[in-house]
């Protein structure tokens, strides 16, 4: 018998799977709703824009060419305000405070000679904005 409130090892695995599924559902909502992200590191130009990719079970990312100057300017744990552009209406955007989780080279995969920049949304910065 398991202690009260404990479901044993099998129950713990079910809970982990449910949390993973919830995370994937939230991520699917983002990738279905948003097509790309854009941001500026200096609040001036240049504005960097990247298409969102869903290629990892851990989170969304964008792809950067290995010789891109942006790789000299960002690093893991950076907090960046990113504007997410809607897939069906590019002028409809939402700003999120995001954290760079990893910057990983893809040496032999589909994105050879590129880096995968994984990020996590920390908080919603504003309500939806419409760019004109």
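The values are calculated or read from the model by the stated rules, or taken from the named source; none is laboratory data. Because the structure is a prediction, the values reported are computed rather than measured. Glycine gets a Cβ as well: all are built from the backbone with ideal geometry, and neighbour counts include every protein chain shown.
List of remarks:
- Close pairs from the range 81-108: first in contact (Cβ under 8 Å) with a residue 60 or more places away in the chain, partner assigned to a loop (DSSP other than H, G, I, E, B), Cβ under 6 Å, at least 6 apart: 94/128
- Members of the range 115-132 that are part of a strand (DSSP E or B) and either over 16 Å from residue 96 (Cα atoms) or at pLDDT 50 or above (or both): 115, 116, 117, 118, 119, 120, 121, 122, 123, 124
- From 65, 99, 69, 73, residue being at pLDDT 90 or above, farther than 13 Å from residue 34 by Cβ and surrounded by 14 or more Cβ atoms within 10 Å (Cβ to Cβ): 99
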